[in-house]
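A quick write-up on the structure given underneath.
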(Lines give C-alpha, C1' and ligand atoms only; values in the text may rest on other atoms or scores of the structure.)
Protein backbone atom coordinates (compact mmCIF):
# COMPACT_ATOMS: atom_id res chain seq x y z
CA UNK A 1 0.00 0.00 0.00
CA UNK A 2 1.48 3.42 -0.97
CA UNK A 3 2.34 5.57 2.03
CA UNK A 4 -0.23 8.24 1.16
CA UNK A 5 -2.99 5.63 0.95
CA UNK A 6 -1.90 4.26 4.33
CA UNK A 7 -2.18 7.73 5.88
CA UNK A 8 -5.69 8.10 4.45
CA UNK A 9 -6.63 4.62 5.68
CA UNK A 10 -5.47 5.50 9.21
CA UNK A 11 -7.68 8.58 9.09
CA UNK A 12 -10.60 6.45 7.88
CA UNK A 13 -9.93 4.04 10.75
CA UNK A 14 -10.12 6.83 13.32
CA UNK A 15 -13.30 8.29 11.81
CA UNK A 16 -14.97 4.88 11.62
CA UNK A 17 -13.96 4.14 15.19
CA UNK A 18 -15.38 7.35 16.63
CA UNK A 19 -18.64 6.84 14.72
CA UNK A 20 -19.35 3.24 15.73
CA UNK A 21 -17.61 2.59 19.07
CA UNK A 22 -19.91 4.84 21.07
CA UNK A 23 -22.80 2.38 20.67
CA UNK A 24 -20.97 -0.08 22.93
CA UNK A 25 -20.26 2.56 25.58
CA UNK A 26 -23.72 4.10 26.04
CA UNK A 27 -24.29 2.58 29.52
CA UNK A 28 -20.96 3.93 30.81
CA UNK A 29 -21.51 7.35 29.25
CA UNK A 30 -25.09 7.69 30.52
CA UNK A 31 -24.03 6.80 34.06
CA UNK A 32 -21.06 9.19 34.05
CA UNK A 33 -22.74 12.28 32.59
CA UNK A 34 -26.07 11.69 34.32
CA UNK A 35 -28.48 11.14 31.44
CA UNK A 36 -30.70 8.24 30.38
CA UNK A 37 -29.51 5.69 27.83
CA UNK A 38 -32.02 6.99 25.22
CA UNK A 39 -30.59 10.49 25.75
CA UNK A 40 -27.07 9.09 25.39
CA UNK A 41 -28.25 7.41 22.19
CA UNK A 42 -28.85 10.88 20.73
CA UNK A 43 -25.05 11.16 20.56
CA UNK A 44 -25.27 8.59 17.74
CA UNK A 45 -28.16 10.30 15.93
CA UNK A 46 -26.56 13.75 16.22
CA UNK A 47 -23.35 12.38 14.73
CA UNK A 48 -25.18 10.96 11.69
CA UNK A 49 -27.12 14.19 11.10
CA UNK A 50 -23.93 16.25 11.42
CA UNK A 51 -22.20 14.03 8.85
CA UNK A 52 -25.03 14.62 6.38
CA UNK A 53 -24.87 18.39 6.95
CA UNK A 54 -21.11 18.78 7.18
CA UNK A 55 -20.14 16.65 4.18
CA UNK A 56 -21.27 19.00 1.39
CA UNK A 57 -20.82 22.22 3.37
CA UNK A 58 -17.17 21.73 4.38
CA UNK A 59 -16.24 20.28 0.98
CA UNK A 60 -17.87 23.24 -0.78
CA UNK A 61 -16.08 25.66 1.55
CA UNK A 62 -12.75 24.16 0.53
CA UNK A 63 -13.21 24.11 -3.24
CA UNK A 64 -10.24 26.48 -3.76
CA UNK A 65 -8.04 24.94 -1.05
CA UNK A 66 -5.35 22.40 -2.06
CA UNK A 67 -6.61 18.93 -1.20
CA UNK A 68 -3.67 18.03 1.03
CA UNK A 69 -4.22 21.21 3.05
CA UNK A 70 -7.94 20.48 3.27
CA UNK A 71 -7.34 16.90 4.46
CA UNK A 72 -4.89 18.09 7.11
CA UNK A 73 -7.33 20.77 8.30
CA UNK A 74 -10.18 18.26 8.49
CA UNK A 75 -8.07 15.85 10.51
CA UNK A 76 -7.04 18.66 12.88
CA UNK A 77 -10.73 19.46 13.41
CA UNK A 78 -11.42 15.76 13.98
CA UNK A 79 -8.71 15.68 16.65
CA UNK A 80 -10.23 18.74 18.32
CA UNK A 81 -13.69 17.17 18.37
CA UNK A 82 -12.51 13.98 20.01
CA UNK A 83 -10.34 15.93 22.46
CA UNK A 84 -13.44 17.89 23.49
CA UNK A 85 -15.29 14.59 23.96
CA UNK A 86 -12.48 13.09 26.06
CA UNK A 87 -12.44 16.14 28.36
CA UNK A 88 -16.19 16.83 28.35
CA UNK A 89 -17.43 17.75 31.86
CA UNK A 90 -21.09 17.46 30.85
CA UNK A 91 -23.49 15.91 28.35
CA UNK A 92 -23.80 19.18 26.43
CA UNK A 93 -20.05 19.52 25.92
CA UNK A 94 -19.82 15.86 24.89
CA UNK A 95 -22.56 16.45 22.32
CA UNK A 96 -20.61 19.45 21.00
CA UNK A 97 -17.48 17.32 20.65
CA UNK A 98 -19.40 14.68 18.73
CA UNK A 99 -20.81 17.28 16.35
CA UNK A 100 -17.39 18.86 15.71
CA UNK A 101 -15.85 15.46 14.92
CA UNK A 102 -18.81 14.45 12.71
CA UNK A 103 -18.62 17.59 10.57
CA UNK A 104 -15.29 16.38 9.19
CA UNK A 105 -16.46 12.84 8.41
CA UNK A 106 -18.05 13.21 4.99
CA UNK A 107 -15.62 15.81 3.67
CA UNK A 108 -12.63 13.65 4.66
CA UNK A 109 -13.98 10.59 2.87
CA UNK A 110 -15.13 12.65 -0.11
CA UNK A 111 -11.84 14.48 -0.66
CA UNK A 112 -9.81 11.46 0.44
CA UNK A 113 -11.50 9.28 -2.20
CA UNK A 114 -10.54 11.75 -4.94
CA UNK A 115 -6.95 11.94 -3.66
CA UNK A 116 -6.71 8.14 -3.39
CA UNK A 117 -7.94 7.73 -6.98
CA UNK A 118 -5.41 10.31 -8.19
CA UNK A 119 -2.49 8.34 -6.74
CA UNK A 120 -2.84 5.39 -9.11
CA UNK A 121 -3.45 4.65 -12.78
CA UNK A 122 -7.06 5.14 -13.98
CA UNK A 123 -7.55 1.37 -14.26
CA UNK A 124 -6.91 0.96 -10.52
CA UNK A 125 -8.96 3.85 -9.13
CA UNK A 126 -11.65 1.68 -7.53
CA UNK A 127 -9.01 -0.47 -5.82
CA UNK A 128 -7.31 2.65 -4.46
CA UNK A 129 -10.61 3.90 -3.03
CA UNK A 130 -11.16 0.44 -1.54
CA UNK A 131 -7.72 0.56 0.10
CA UNK A 132 -8.61 3.84 1.76
CA UNK A 133 -11.88 2.35 2.99
CA UNK A 134 -10.03 -0.61 4.53
CA UNK A 135 -9.50 1.78 7.43
CA UNK A 136 -13.26 2.01 7.91
CA UNK A 137 -13.71 -1.76 7.71
CA UNK A 138 -10.76 -2.34 10.07
CA UNK A 139 -12.48 -0.01 12.53
CA UNK A 140 -15.44 -2.39 12.53
CA UNK A 141 -13.37 -5.59 12.70
CA UNK A 142 -10.79 -4.57 15.32
CA UNK A 143 -11.32 -1.01 16.47
CA UNK A 144 -14.86 -1.22 17.81
CA UNK A 145 -14.37 -4.39 19.92
CA UNK A 146 -11.02 -3.15 21.27
CA UNK A 147 -12.30 0.39 21.83
CA UNK A 148 -15.36 -0.93 23.65
CA UNK A 149 -13.22 -3.17 25.85
CA UNK A 150 -10.86 -0.27 26.59
CA UNK A 151 -13.74 2.00 27.55
CA UNK A 152 -15.31 -0.63 29.78
CA UNK A 153 -12.04 -1.31 31.61
CA UNK A 154 -10.52 2.18 31.88
CA UNK A 155 -13.55 4.41 31.44
CA UNK A 156 -15.24 5.67 28.28
CA UNK A 157 -12.97 8.72 28.11
CA UNK A 158 -9.97 6.46 27.46
CA UNK A 159 -11.55 5.40 24.16
CA UNK A 160 -11.81 9.01 23.01
CA UNK A 161 -8.19 9.62 24.03
CA UNK A 162 -7.23 6.61 21.88
CA UNK A 163 -9.24 7.98 18.92
CA UNK A 164 -7.53 11.35 19.38
CA UNK A 165 -4.14 9.60 19.19
CA UNK A 166 -5.19 7.85 15.95
CA UNK A 167 -6.09 11.26 14.54
CA UNK A 168 -2.66 12.65 15.43
CA UNK A 169 -0.97 9.72 13.64
CA UNK A 170 -3.14 10.27 10.56
CA UNK A 171 -2.42 14.02 10.54
CA UNK A 172 1.32 13.33 10.68
CA UNK A 173 0.97 10.80 7.85
CA UNK A 174 -0.97 13.23 5.67
CA UNK A 175 1.60 15.96 6.28
CA UNK A 176 4.53 13.67 5.43
CA UNK A 177 3.18 11.28 2.80
CA UNK A 178 0.34 12.82 0.79
CA UNK A 179 1.82 14.67 -2.20
CA UNK A 180 1.31 18.42 -2.29
CA UNK A 181 -0.38 19.52 -5.47
CA UNK A 182 -1.74 22.93 -6.48
CA UNK A 183 -5.46 23.48 -6.16
CA UNK A 184 -7.21 22.39 -9.33
CA UNK A 185 -8.85 24.99 -11.48
CA UNK A 186 -12.42 25.59 -10.39
CA UNK A 187 -15.19 27.86 -11.52
CA UNK A 188 -16.15 28.39 -7.90
CA UNK A 189 -18.91 26.93 -5.80
CA UNK A 190 -21.68 27.85 -8.23
CA UNK A 191 -19.92 26.01 -11.05
CA UNK A 192 -19.32 22.94 -8.90
CA UNK A 193 -22.95 22.85 -7.78
CA UNK A 194 -23.96 22.48 -11.43
CA UNK A 195 -23.00 18.80 -11.28
CA UNK A 196 -26.14 18.27 -9.20
CA UNK A 197 -28.14 19.17 -12.27
CA UNK A 198 -27.10 15.84 -13.80
CA UNK A 199 -29.57 12.96 -13.50
CA UNK A 200 -26.80 10.36 -13.28
CA UNK A 201 -25.31 12.00 -10.18
CA UNK A 202 -28.67 11.82 -8.39
CA UNK A 203 -29.17 8.22 -9.49
CA UNK A 204 -25.78 7.30 -8.02
CA UNK A 205 -26.65 9.04 -4.74
CA UNK A 206 -29.98 7.19 -4.67
CA UNK A 207 -28.18 3.86 -5.12
CA UNK A 208 -25.96 4.71 -2.17
CA UNK A 209 -28.85 5.68 0.10
CA UNK A 210 -30.92 2.62 -0.81
CA UNK A 211 -28.08 0.08 -0.86
CA UNK A 212 -26.35 1.10 2.35
CA UNK A 213 -29.64 1.84 4.06
CA UNK A 214 -30.63 -1.75 3.35
CA UNK A 215 -27.45 -3.07 4.97
CA UNK A 216 -27.08 -0.83 7.99
CA UNK A 217 -30.80 -0.52 8.65
CA UNK A 218 -30.61 -4.25 9.36
CA UNK A 219 -27.23 -4.17 11.12
CA UNK A 220 -28.65 -1.59 13.55
CA UNK A 221 -30.82 -4.38 15.01
CA UNK A 222 -28.33 -7.22 14.70
CA UNK A 223 -27.98 -7.64 18.48
CA UNK A 224 -31.69 -8.33 19.16
CA UNK A 225 -31.95 -10.39 15.97
CA UNK A 226 -29.07 -12.65 16.97
CA UNK A 227 -30.06 -12.94 20.66
CA UNK A 228 -33.86 -12.96 20.61
CA UNK A 229 -34.40 -14.73 17.27
CA UNK A 230 -31.29 -16.83 16.57
CA UNK A 231 -30.78 -17.75 20.23
CA UNK A 232 -27.22 -16.52 20.84
CA UNK A 233 -26.24 -15.32 24.30
CA UNK A 234 -25.45 -11.63 24.73
CA UNK A 235 -21.75 -12.49 25.19
CA UNK A 236 -21.61 -13.73 21.59
CA UNK A 237 -22.66 -10.39 20.09
CA UNK A 238 -19.14 -8.82 19.99
CA UNK A 239 -17.81 -11.89 18.17
CA UNK A 240 -20.70 -11.82 15.73
CA UNK A 241 -19.86 -8.17 15.03
CA UNK A 242 -16.26 -9.20 14.38
CA UNK A 243 -17.60 -11.80 11.91
CA UNK A 244 -19.67 -9.11 10.20
CA UNK A 245 -16.63 -6.82 10.11
CA UNK A 246 -14.52 -9.54 8.50
CA UNK A 247 -17.13 -9.77 5.76
CA UNK A 248 -17.07 -5.99 5.32
CA UNK A 249 -13.28 -6.07 4.98
CA UNK A 250 -13.26 -8.87 2.40
CA UNK A 251 -16.17 -7.41 0.44
CA UNK A 252 -14.54 -3.98 0.24
CA UNK A 253 -11.32 -5.34 -1.30
CA UNK A 254 -13.17 -7.73 -3.65
CA UNK A 255 -15.49 -4.91 -4.70
CA UNK A 256 -12.53 -2.69 -5.58
CA UNK A 257 -11.04 -5.29 -7.89
CA UNK A 258 -14.41 -6.05 -9.49
CA UNK A 259 -15.22 -2.37 -10.03
CA UNK A 260 -11.85 -1.79 -11.71
CA UNK A 261 -12.61 -4.55 -14.22
CA UNK A 262 -16.34 -4.03 -14.90
CA UNK A 263 -17.85 -1.15 -12.89
CA UNK A 264 -21.57 -1.50 -13.64
CA UNK A 265 -21.71 -5.33 -13.43
CA UNK A 266 -19.95 -5.00 -10.05
CA UNK A 267 -22.65 -2.57 -8.95
CA UNK A 268 -25.46 -4.86 -10.14
CA UNK A 269 -23.88 -7.90 -8.48
CA UNK A 270 -23.47 -6.22 -5.12
CA UNK A 271 -27.05 -4.89 -5.02
CA UNK A 272 -28.50 -8.21 -6.17
CA UNK A 273 -26.39 -9.96 -3.54
CA UNK A 274 -27.59 -7.64 -0.77
CA UNK A 275 -31.22 -8.19 -1.82
CA UNK A 276 -30.82 -11.97 -1.83
CA UNK A 277 -28.82 -12.20 1.39
CA UNK A 278 -31.25 -10.02 3.36
CA UNK A 279 -34.18 -12.08 2.14
CA UNK A 280 -32.36 -15.25 3.20
CA UNK A 281 -31.33 -13.68 6.53
CA UNK A 282 -34.96 -13.13 7.47
CA UNK A 283 -35.33 -16.93 7.30
CA UNK A 284 -31.93 -18.14 8.59
CA UNK A 285 -32.11 -15.76 11.57
CA UNK A 286 -34.09 -18.45 13.38
CA UNK A 287 -31.06 -20.77 13.74
CA UNK A 288 -27.63 -19.87 15.11
CA UNK A 289 -25.17 -21.31 12.58
CA UNK A 290 -27.10 -20.32 9.42
CA UNK A 291 -27.71 -16.86 10.94
CA UNK A 292 -23.99 -16.35 11.59
CA UNK A 293 -23.03 -17.47 8.08
CA UNK A 294 -25.64 -15.20 6.51
CA UNK A 295 -24.37 -12.28 8.61
CA UNK A 296 -20.90 -12.87 7.15
CA UNK A 297 -22.37 -12.94 3.64
CA UNK A 298 -24.20 -9.66 4.34
CA UNK A 299 -20.90 -8.03 5.24
CA UNK A 300 -19.28 -9.25 2.01
CA UNK A 301 -22.06 -8.19 -0.36
CA UNK A 302 -22.73 -4.96 1.54
CA UNK A 303 -19.25 -3.51 1.28
CA UNK A 304 -18.66 -4.74 -2.27
CA UNK A 305 -20.87 -1.75 -3.06
CA UNK A 306 -18.47 0.87 -1.63
CA UNK A 307 -15.79 1.18 -4.35
CA UNK A 308 -18.26 0.77 -7.21
CA UNK A 309 -20.68 3.49 -6.16
CA UNK A 310 -18.00 5.87 -4.84
CA UNK A 311 -16.02 5.79 -8.09
CA UNK A 312 -19.21 6.08 -10.14
CA UNK A 313 -20.19 9.27 -8.32
CA UNK A 314 -16.73 10.73 -9.00
CA UNK A 315 -16.96 9.71 -12.66
CA UNK A 316 -20.41 11.20 -13.21
CA UNK A 317 -19.45 14.41 -11.38
CA UNK A 318 -16.07 14.85 -13.05
CA UNK A 319 -16.21 18.66 -12.71
CA UNK A 320 -16.67 18.46 -8.92
CA UNK A 321 -15.67 14.95 -7.80
CA UNK A 322 -14.82 15.87 -4.21
CA UNK A 323 -18.11 17.69 -3.62
CA UNK A 324 -20.17 14.87 -5.17
CA UNK A 325 -18.16 12.25 -3.31
CA UNK A 326 -18.84 14.04 -0.02
CA UNK A 327 -22.52 14.21 -0.93
CA UNK A 328 -22.33 10.45 -1.44
CA UNK A 329 -21.17 10.03 2.17
CA UNK A 330 -24.10 12.21 3.25
CA UNK A 331 -26.44 9.95 1.25
CA UNK A 332 -24.87 6.95 3.00
CA UNK A 333 -25.73 8.36 6.45
CA UNK A 334 -29.17 9.59 5.39
CA UNK A 335 -30.03 6.14 4.03
CA UNK A 336 -28.82 4.50 7.23
CA UNK A 337 -30.89 6.83 9.42
CA UNK A 338 -34.11 6.41 7.41
CA UNK A 339 -33.74 2.62 7.12
CA UNK A 340 -33.06 2.27 10.85
CA UNK A 341 -36.17 4.38 11.55
CA UNK A 342 -38.27 2.19 9.24
CA UNK A 343 -36.93 -0.98 10.87
CA UNK A 344 -37.60 0.34 14.35
CA UNK A 345 -41.13 1.32 13.35
CA UNK A 346 -41.78 -2.15 11.95
CA UNK A 347 -40.54 -3.81 15.14
CA UNK A 348 -42.63 -1.42 17.23
CA UNK A 349 -45.67 -2.31 15.14
CA UNK A 350 -45.27 -5.95 16.14
CA UNK A 351 -43.84 -7.28 12.87
CA UNK A 352 -40.92 -8.97 14.67
CA UNK A 353 -37.16 -8.51 14.79
CA UNK A 354 -36.66 -9.91 11.27
CA UNK A 355 -38.77 -7.09 9.79
CA UNK A 356 -35.70 -4.86 9.18
CA UNK A 357 -34.22 -7.59 6.97
CA UNK A 358 -37.35 -7.74 4.82
CA UNK A 359 -37.41 -3.95 4.61
CA UNK A 360 -33.70 -4.00 3.70
CA UNK A 361 -34.32 -6.51 0.92
CA UNK A 362 -36.97 -4.21 -0.56
CA UNK A 363 -34.65 -1.18 -0.31
CA UNK A 364 -31.75 -3.03 -1.95
CA UNK A 365 -34.07 -4.29 -4.69
CA UNK A 366 -35.14 -0.70 -5.33
CA UNK A 367 -31.47 0.29 -5.43
CA UNK A 368 -30.84 -2.40 -8.06
CA UNK A 369 -33.67 -1.04 -10.21
CA UNK A 370 -32.17 2.48 -9.96
CA UNK A 371 -28.75 1.11 -10.96
CA UNK A 372 -30.26 -0.71 -13.96
CA UNK A 373 -31.94 2.55 -15.01
CA UNK A 374 -28.60 4.37 -14.72
CA UNK A 375 -26.94 1.69 -16.85
CA UNK A 376 -29.66 2.00 -19.49
CA UNK A 377 -29.13 5.77 -19.62
CA UNK A 378 -25.40 5.15 -20.06
CA UNK A 379 -26.04 2.88 -23.03
CA UNK A 380 -28.49 5.36 -24.57
CA UNK A 381 -25.97 8.21 -24.23
CA UNK A 382 -23.06 6.22 -25.70
CA UNK A 383 -24.19 6.28 -29.39
CA UNK A 384 -24.71 10.07 -29.17
CA UNK A 385 -21.19 10.56 -27.83
CA UNK A 386 -19.72 8.31 -30.53
CA UNK A 387 -21.64 10.23 -33.21
CA UNK A 388 -20.26 13.53 -31.92
CA UNK A 389 -16.72 12.15 -32.07
CA UNK A 390 -17.19 11.04 -35.66
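List of remarks:
- Restricting attention to region 222-261, the residues being under 17 Å from residue 21 (Cα atoms), crowded, with 22+ Cβ neighbours inside 10 Å and out of contact with any helix residue (DSSP H, G or I) (no Cβ under 6 Å at 6 or more places or on another chain) number 2.
- From 350, 302, 344, 335, residue being modelled with pLDDT of 85 or more and either over 17 Å from the mean Cα position of the chain (by Cα) or at positive phi (or both): 350
- Look at (1) over 23 Å from residue 328 (Cα atoms); (2) in a helix (DSSP H, G or I) and you find that residue 89 fails only one, number (2).
- Of the residues making up region 293-302, none is in contact (Cβ under 8 Å) with a residue 24 or more places away in the chain, outside any helix (DSSP H, G or I) and in contact with a helix residue (DSSP H, G or I) (Cβ under 9 Å, 6 or more places away or on another chain).
- Out of 17, 77, sole residue that is in a helix (DSSP H, G or I) and surrounded by 22 or more Cβ atoms within 10 Å (Cβ to Cβ): 17
- When residue 157 is tested against (1) surrounded by fewer than 22 Cβ atoms within 10 Å (Cβ to Cβ); (2) within 23 Å of the chain's Cα centre (by Cα); (3) touching a residue at least 60 places away in the same chain (Cβ under 8 Å), exactly one condition is not met: (2).
- The residues of region 303-330 that are surrounded by fewer than 24 Cβ atoms within 10 Å (Cβ to Cβ) and part of a loop (DSSP other than H, G, I, E, B), listed by number, are 318, 319.
- Failed item, numbered, when residue 64 is tested on (1) in a helix (DSSP H, G or I); (2) over 24 Å from residue 241 (Cβ atoms): (1)
The values are calculated or read from the model by the stated rules, or taken from the named source; none is laboratory data. Please read these numbers as outputs of a predicted model, since none were measured by experiment. Positions of Cβ are generated from backbone atoms using ideal geometry, with glycine treated the same way; all protein chains shown enter the neighbour counts.
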